[in-house]
Amino acid sequence: MAAWSRIGRGAQVSLSQSLSRIVSEGGGASPAEVASALRGAAALSRARGQHASSLHSLARGGLAGRGAFAGAGGRLLEPASRGIGTTPARMHPESAAAAESELSDAEAREPKAAAAPTPTRRMPGLSPTRPGEKPRLVVLGTGWAACRLLKDVNTRAYDVVCVSPRNHMVFTPLLASTCVGTLEFRSVVEPVSRIQSALATNPGSYFYLANCTGIDAKAHEVYCTAAASDGRLPSDPYHFKIAYDKLVIASGAEPLTFNIKGVEENAIFLREVSHAQEIRRKLLTNLMLSENPGLSEEEKKRLLHCVVVGGGPTGVEFSGELSDFITRDVRERYAHVKDYVKVTLIEANEILSSFDIGLRQYATNHLSKYGVKLVRGIVKDVNPTEITLSDGTSVPYGLLVWSTGVGPSEFVKSLDLPKSPGGRIGVDEWLRVPSVPDVFALGDCAGFLEGTGKPVLPALAQVAEREGRYMARLLGRIAAQNGGGKAHCAGKADLGEPFVYKHIGSMASVGRYKALVDLRENKDAKGVSMAGFLSWVMWRSAYLTRVVSWRNRFYVAVNWATTLVFGRDNTRIG
């Protein structure tokens, strides 16, 4: 009997090793090996009871988890259903730990040399598309480039999957107006499901509220982490993967801080609706707190000192809106502290450097006339209540808005992809990422490689939008050529004309019904260049027509009319 027991234990250990190998290799096991292992597990189950039976179940469950069973012809078959693969309950972290504990107890009873490896947890996600199915286009981001692509892409040729930590597009040129109540926040956002209805209606198209954390170009997979799950998902953080045929990276950029200490902790950027909400909340809070009794003159001045760092279009437009808000609304509704409210704009060089000298001078004079103090300097350090300039000057503040341009995000920096000057993802003339098949990059995260001979384009909305429009046409052309939309099938496709960007001009509001309009291709070209009230009318008309949908155009028009008649709303919510 002892001999038979040793033989049985040896068979069980051998079977455990075989099953573990099959589970780990999945599709790499031959049909004969699978069938033999399952027969052995069943026989051992009858001979020895529950533990061997659990191995038999593990073998079948592991093979099912891999999505493959041996067919009659010896070919591994894919699962019958397409779409989101789910992690079996036994493979969630808690159940996996229990399974590993069970196997560890079993291994402890066997000789150490015969210990079997523990199973690994499988990541859920979208499996690769099959022959006959539409190719899958995965788009990372919901900025200008991504949303223009989503709007124009041919959903009859592609299933579209969008991954982003926000489910809407922000019309950034009007974002500064929401900070002071000129516009409501919903007027400048458009849900992606309205931009591309297929994301909500087509069975093969999805929107995932998640951050992309990695890309495996060889396996044609992206790895994602669900955004803000707060422990409501089976695991926190919740990870999943998506197989793609074509991948477009349009994840945008991040504000530049130049590694200045204290910026991240104390300054507010102006890139998202949440930033505008925070600015509005803090501005109104400081206005109300400054009226409390017992505050010193210095503390009132600090609370009501608004500092803007960065003299680009965003910084100038916000300063102009803030100056207009102070002149028209604050002095009327906060009469006790109206003389303490100040705005300072700090720029290292000249404001609006992309405009010609005449328009820059007009903006400087106008802002100075209506109370914006212009300071030329470089920020050295940022503290919770004051900033220090490179010349040693200390500037106390109650609200600090940081708008000094953008640079590559940490996600872009982490990708093992070619880089253009400045650290963006390098692309060729067709916006493809060289040496990585089926991957494209658009918008602020991408730039031309040095080998193309083209300069890196500026991080502007009009650049990103035109790249998105071009990419939709390019992908349509690829899909029309012998199934070129599928992975590894676009190498010999006719891509047509390369992408060419032509600048159509710039606009910027400076407050008090004044704006700058420069419709020249560059500073040395001929064209319309003007400033004043007529420019402000052109600025508003252009942005009203460029807002994403008729719904938002209606909202913006109503908000402008309401503000003109009744003034800005100063209700503090939240």
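The values are calculated or read from the model by the stated rules, or taken from the named source; none is laboratory data. Quick caveat, the model's predicted, so the values are computed rather than measured. Backbone-built Cβ (ideal geometry, glycine too); neighbour counts: all protein chains shown. Heads up: the accessible areas ignore ligands, DNA and RNA and are worked out on the full protein's heavy atoms, side chains in. Shrake-Rupley method; radii C 1.70, N 1.55, O 1.52, S 1.80 Å.
Select from the stretch 118-163 the residues that are within 15 Å of PHE240 (Cβ to Cβ) and touching a strand residue (DSSP E or B) at 6+ places or on another chain (Cβ under 7 Å) and list them in ascending order.
Initial filter on the stretch 118-163 (within 15 Å of PHE240 (Cβ to Cβ)): 121-128, 136, 138, 140, 161-163.
Passing the criteria: MET123, PRO124, GLY125, LEU126, SER127, PRO128, ARG136, VAL138, LEU140, VAL161, CYS162, VAL163.
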Subset of the stretch 387-419 that is part of a loop (DSSP other than H, G, I, E, B) and touching an Asp or Glu at 6+ places or on another chain (Cβ under 7 Å) - its residue that is farthest from PRO458 (Cα to Cα): TYR397
Filter result for TRP550 (open to solvent by 30 Å² or more (accessible area, probe 1.4 Å), hydrophobic (A, V, I, L, M, F, W, C) and within 22 Å of GLY143 (Cβ to Cβ)): yes
Residue in the stretch 151-158 that is surrounded by fewer than 19 Cβ atoms within 10 Å (Cβ to Cβ), among the acidic types (Asp, Glu) and modelled with pLDDT of 95 or more present: yes
Search result, residues across the stretch 437-450 that are surrounded by fewer than 23 Cβ atoms within 10 Å (Cβ to Cβ) and touching a Pro at 6+ places or on another chain (Cβ under 8 Å): PHE448, LEU449, GLU450
Subset of the stretch 367-414 that is among the aromatic types (Phe, Trp, Tyr) and closer than 30 Å to GLY141 by Cα - its residue that is surrounded by the most Cβ atoms within 10 Å (Cβ to Cβ): TRP402
Top-ranked residue of the stretch 341-366 - restricted to ones that are of a type in the set (A, V, I, L, M) and within 17 Å of GLY405 (Cβ to Cβ), ranked as most open to solvent (accessible area, probe 1.4 Å): ALA348
Considering residues of the stretch 552-574 that are touching a residue at least 24 places away in the same chain (Cβ under 8 Å) and in a helix (DSSP H, G or I) only, the residue farthest from GLU321 (Cα to Cα): ASN552
Residues that are free of Cβ contacts under 8 Å to residues at least 12 places away in the same chain and more than 17 Å from PHE258 (Cβ to Cβ), drawn from the stretch 387-431: GLY392, SER394, ASP416, LYS419
Selection count where residues are among the hydrophobic types (A, V, I, L, M, F, W, C), in a loop (DSSP other than H, G, I, E, B) and free of Cβ contacts under 8 Å to residues at least 24 places away in the same chain, scope the stretch 490-520: 3
Residue within the stretch 288-310 that is open to solvent by less than 10 Å² (accessible area, probe 1.4 Å), among the aliphatic types (A, V, I, L, M) and part of a helix (DSSP H, G or I) present: no
